[in-house]
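Trainee: Dropping the structure in here first, questions after.
Read-outs throughout are calculated quantities, based only on the coordinates presented, and are distinct from any laboratory measurement. It should be emphasised that the depicted structure is a prediction, and the values quoted were computed from it without experimental measurement. Reconstructed Cβ throughout: ideal geometry from the backbone, glycine too, with neighbour counts over all protein chains shown.
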Amino acid sequence: MKRILSLKLLQFLAVFTIAVISVFFYYNSDDAHCGKLQSFYIALFFMSITSIIAILFQLLVTIDEKTLPFCFSLKMKLFFWRKVRISIAYLYNIPIKDKYLFITNSYNKGSKTERITPIGGAYKYYDTALLALQELKATPSLKKDFKSKDENDLRLVLPAKNVNTFFKLYNKKKGFEYSPLREFDEELFKTDDNQNSEALLTNKELFSNIRCSKLKSHYRITRNKQYDKNDCENNFHYEVHFFDIFFIDLTKEQKTHIEERMYEIDHTNKMFLYCVSECEIMNDSFVPKKKRENILKLGDNAKYILINYLQKITYV
């Protein structure tokens, strides 16, 4: 509202200034014809400047500074024809004995590039948000890393001009998943039928009551240097990762069960539980004391769960 009032005030002052200057030159010129011509050119000049400023102010009115950095938001408005991939997810900060609970990343388990990550996943959008997303020309992000089960995940590609409008829509939470507890159940209690593996945790009743509170939010903005409009995996210029970080306050019994399961999980299970220290998170490497000898890399989002980790924004 303040920006709209500022815009209206600027337009009024510009018109008033043009009128005053035009009258001044008209009545203070020796040649009436020359005075009229001068007044016309000066008025035209100021009208052009005013129009440019008014357009910039109109862009600023639609920018949501609370979600994305101002410079990036303005850039999205100016380069409106570009494509942006948006990923909105949540991660858990689960402390156990001064360390943090991690699991094998389910998308690259067993591969040479296997990583371990904090527990979490993408928020989902519901059918009630489909019409609004279609109006914003948002389409699902097609990446090989994500399987068909991730339908309706908030991993979308949309025009840059609609990025700010999308986040304003998302912040209203209408038609979007709000609870962060779904992934806790999916990651720790559900099994992979194709792999005949057991669940990471077995006593679901013990975890029927989870104490969860939001710590903070993070975002990471990067330029896609492999942009190719014909490649469904790289058909975007920029990528915005937005994370909500939630603290899971486990009871003593819940922590004990997790610690026991870390050593009970069978070797044939391709999913594991790990306790990773803050130092290992900052160094982006972890050496398991059991089951494996090789050093494991951590996911790119691992540092975000640390309470004292300062947000570093990267965008070009």
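Trainee: Label points 7 Å out from Cα along the Cβ direction at LEU131 and ARG82: separation in nm?
Mentor: Placing both labels 7 Å beyond Cα along the Cβ direction yields 3.3 nm.
Trainee: Let me ask you something else. Please list, in order along the stretch 73-86, the HN-Hα scalar couplings obtained from phi with the Karplus expression 6.51 cos²θ - 1.76 cosθ + 1.60 (θ = phi - 60°), rounded to whole Hz, x for Gly and Pro.
Mentor: Once θ is set to phi - 60°, the couplings for the stretch 73-86 become 4, 5, 4, 5, 6, 6, 9, 5, 7, 6, 9, 10, 9, 10 Hz.
Trainee: Continuing with this model, one more query. Just add up the charged neighbours of THR139: K/R +1, D/E -1, any other residue whose Cβ is under 11 Å from the Cβ of THR139.
Mentor: Result for the neighbourhood of THR139: +4.
Trainee: Grab the other residues whose beta carbon is less than 10 angstrom from that of ASP244, score K and R as +1, D and E as -1, and report the net.
Mentor: Values: positive: LYS214, LYS216; negative: none.
Net charge in that neighbourhood comes out at +2.
Trainee: Then there is this: If R0 is 45 Å, what FRET efficiency do you get for LYS173 and ASN308 from their C-beta distance, rounded to 0.05?
Mentor: E between LYS173 and ASN308, to the nearest 0.05, is 0.95.
Trainee: Continuing with this model, one more query. Long-range amide H contacts for LEU215: which residues qualify at under 5 Å (H placed 1.01 Å from N, peptide plane, sequence gap of 5 or more or a different chain)?
Mentor: Amide H to amide H, under 5 Å and 5 or more residues apart or across chains, LEU215 pairs with ILE245, PHE246, PHE247.
Trainee: In addition: What is the local net charge at ILE281, summed over the other residues whose Cβ is closer than 11 Å to its Cβ (Lys, Arg +1; Asp, Glu -1)?
Mentor: Neighbourhood net charge equals -1.
Trainee: For the residue pair LEU181 and LYS97, what label-to-label distance in nm results when each label sits 7 Å from Cα along the Cα-to-beta-carbon direction?
Mentor: It is 2.8 nm.
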